[in-house]
Amino acid sequence: MTPWELPSASATLSAMSTPHSVSRVRKAVVPAAGLGTRFLPATKATPKEMLPVVDKPAIQYVVEEAAAAGLDDVLMVTGRHKRAIEDHFDHAFELEQALAAKGDTVRLDAVRDPARLADIHHIRQGDPLGLGHAVLCARHHVGDQPFAVLLGDDLIDPRETLLSRMLDVRERYDGSVVALMEVPPEQVHRYGCAAVEPAGEDGVVRVTGLVEKPAREEAPSRYAVIGRYVLDPAVFDVLEKTAPGRGGEIQLTDALARLAAAGTVHGVIFSGRRYDTGDKADYLRTVVRLACDRPDLGPEFITWLKGFVAGLDGGAAGEEGARGDGARVGTGVERVSAGDGQVAAGDGQVAAGDGQVAAGDGQVAA
């Protein structure tokens, strides 16, 4: 990549050392132009972002997270054959009228909710030139305001406050903020990895460098960038001058590396509940975990699931439980180990109780 100078770097970046008040973040950008090739043939005619996670499409969880953090202006960066996303976040008058006529207020609210989450806009990326290019497509809409970027493959449990904390860090320190999660060494090659140093605050670090999907021996740390960013508008000028990197795409990581070298990027370390819907096996695990956590579905589903799993190990003895005769499973917190979906010892034990299972804590997957 050709070296170049950051525009007005000294004036823009020196403020990082002293916390101060800056403009509030109100806008979010959700890149959703990917082809979803890992889920073919299901994604041949259906956007991968619209695949259901229990009874809502994955992208709705992302928009709900943005709205819960106070971001009331959401721009979807989509591509061809993504019209279903636009339709989902619009009103469906005929369906709403039919449900209203039946007096089905529960389903009526569920159908109306997506359109009421935020002021939602759409733009097409056109050429699939990478995440950095998708973010750059938002420049006209965002203008000179800071903004959040939420990737649709990463779902953060609604009980977590990751995005709100990132917004707080942005308000105190200016610049850009990335979400970081510590991953096992054998997984660093799947992520952009950060070089970090202490920032004098628990759970917050200063990012001094970033490398996109490094080899294990070349990774600057085990801190991987996950799909949440709060970006300063200065990133647009950087992206404009960022040459295509890994895979021939314009990488957001490369642009952030330039900003990090100048001292304008912080990281918030996250160790909470995260679900990956970009991989088939992790997608299935996500559906199971969130179904178990639903008060309206969890107790019955957990009973069936316990019997089904017992049947895999116990043959006929387990089949009887799989038909619904198994004991109910109670509250537990699953902690997922390095990428393979195994439940670790300790806080992942499942105990008898009220039939609720909490969502996974610290899942990491490609």
Legend entry - Hz values of 3J(HN,Hα) by residue in segment 26-32 - Karplus curve (6.51, -1.76, 1.60), Gly and Pro given as x: 10, 10, 10, 10, 10, x, 8
Legend entry - Hypothetical label at D55: residues of segment 261-303 whose amide nitrogen lies under 19 Å (7 Å Cα-Cβ projection): 286-303
Inset, instruction - With a point put 7 Å past each Cα toward its Cβ, work out how far L312 is from V106 in nm, to one decimal. - result: 3.0
Inset, instruction - Please work out how much length the chain gains when fully extended from I123 to A215, using 0.36 nm per residue of separation minus the C-alpha to C-alpha distance, in nm with one decimal. - result: 29.7 nm
Legend entry - For V54, net neighbour charge (Lys/Arg +1, Asp/Glu -1) across residues whose Cβ lies under 12 Å away: 0
Legend entry - For A32, residues with placed amide H under 5 Å, excluding near neighbours: V77, T78
Inset, instruction - Using the structure shown, list the pairs from K27/K306; K44/K102; K102/K306; K82/K306; K27/K213; K27/K102 with a Cα-Cα distance above 32 Å, or answer none. - result: K27/K306; K44/K102; K102/K306; K82/K306; K27/K102
Inset, instruction - With a/c under 1.5 counting as rounded, go ahead and sort segment 9-276 into rounded, prolate or oblate using the C-alpha gyration tensor (a ≥ b ≥ c being the square roots of the eigenvalues; past the cut-off, prolate if a/b is larger than b/c, else oblate). - result: prolate
Inset, instruction - Rank-order 90-98, 113-121, 272-280 by packing density, defined as the average count of other C-beta atoms within 10 Å over each peptide's residues, highest first. - result: 272-280, 113-121, 90-98
Legend entry - Computed FRET value (nearest 0.05) for E186 with S164, which takes r as the C-beta separation and R₀ as 30 Å: 0.40
Legend entry - Cβ-based net charge around G70, under 10 Å, with every Lys or Arg adding one and every Asp or Glu removing one: +1
Inset, instruction - Pop out the ³J(HN,Hα) list for segment 111-123 in order, Karplus 6.51 cos²θ - 1.76 cosθ + 1.60 with θ = phi - 60°, rounded to Hz; leave Gly and Pro as x. - result: 6, 7, 3, x, 6, 9, 5, 6, 7, 9, 10, 9, 9
Inset, instruction - Pop out the ³J(HN,Hα) list for segment 160-175 in order, Karplus 6.51 cos²θ - 1.76 cosθ + 1.60 with θ = phi - 60°, rounded to Hz; leave Gly and Pro as x. - result: 8, 10, 4, 5, 4, 5, 4, 5, 5, 5, 4, 5, 7, 10, 6, x
Inset, instruction - Please give the net charge around H133, taking every other residue with its beta carbon less than 9 angstrom from that of H133, where Lys and Arg add +1 and Asp and Glu add -1. - result: -2
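Coordinate-derived values only; no laboratory data. Given the structure is predicted, the values throughout are model-derived calculations rather than measurements. No Cβ is skipped: glycine too gets one built from the backbone with ideal geometry, and neighbour counts run over all protein chains shown.
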